[in-house]
Amino acid sequence: MKHKIFLGLFLVMSIPLINYSQTDTSKKSLIEYKVKIDTLKIQALEKATSKKWYESPSMPWVASLIIALLSVAVNLIISNSTKKTSIKTVKDQIENSAKMASLEYISTLNSTNRQEWINDVRHCISDLLTQCKLLNMEFQEPIQNEELKKKLHEKINYNRNKLRLLLSPQISQHENLLKSTEELIGILEKHMNRSDHDVNEYDNFSFLQKSDNIIDIGRELLYFEWQKIQSMKFT
């Protein structure tokens, strides 16, 4: 009987404890649920706030703007570089054209002047030989015309001095022609200075030989100078 009474009291006393335990468990569950919800909210907030810069919704517009600015900058740099190169190329072409024109002008001027010089030398040699041959013919006449001989001798001296001015003794081809010319004129003057003017004493063969020699040397000289003109045209 005592045992029954004690068991009943124990049951009556344990009811409040069970209720408290259940209440306490419910509170803990509610707190844990709230904590979980708050944690999820914080994590969601952290994810929202910790987005990388390139994941921004405005990033495509920014990228497009940057690309456009870079394209403009690159085009400006290329355009400026091309412009400088073009200006330099044009300047070089102008300078080269001016140099070529100057060289061509100088070459043309030199070749023209040299051609005129060649013509003067040719005419002088030809005129000199003509006057020498006329004087040579006069020397072989039985009765000689002294006035004609003087005129012919003056013309010979004129062409002799002209050749001395046109030619340079420092150049071998020029020296050979001057030397041969003096030898030819020397034959004429030797006979002209004789008082008797004996035809039989006149060396006509030597005169003709010296004349032919002048023609050969003159031809060689003129060809030598003509080659210089040709070399000027192709340089």
In the stretch 193-235, residue surrounded by the most Cβ atoms within 10 Å (Cβ to Cβ) [restricted to those that are among the small types (Gly, Ala, Ser) and modelled with pLDDT under 80]: SER231
Residue in the stretch 127-139 that is of a type in the set (Val, Ile, Thr) and closer than 16 Å to LEU163 by Cβ present: yes
Residue in the stretch 146-163 that is modelled with pLDDT under 90, part of a helix (DSSP H, G or I) and not basic (Lys, Arg) present: yes
One residue from LEU166, LEU134 being closer than 15 Å to SER211 by Cβ, touching a residue at least 12 places away in the same chain (Cβ under 8 Å) and in contact with a helix residue (DSSP H, G or I) (Cβ under 6 Å, 6 or more places away or on another chain): LEU134
Neighbours by Cβ (under 8 Å, 6+ apart or cross-chain): first from the stretch 203-228, within 17 Å of ASP127 (Cβ to Cβ); second among the acidic types (Asp, Glu): LYS210/GLU183
Qualifying residues in the stretch 137-163 (those that are surrounded by fewer than 17 Cβ atoms within 10 Å (Cβ to Cβ) and aliphatic (A, V, I, L, M)) - the one nearest to LYS210 (Cα to Cα): MET137
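The values are calculated or read from the model by the stated rules, or taken from the named source; none is laboratory data. Computed from a predicted model, the values in this text were never measured in an experiment. Please note: Cβ atoms are built from the backbone with ideal geometry, for glycine as well, and neighbour counts cover all protein chains shown.
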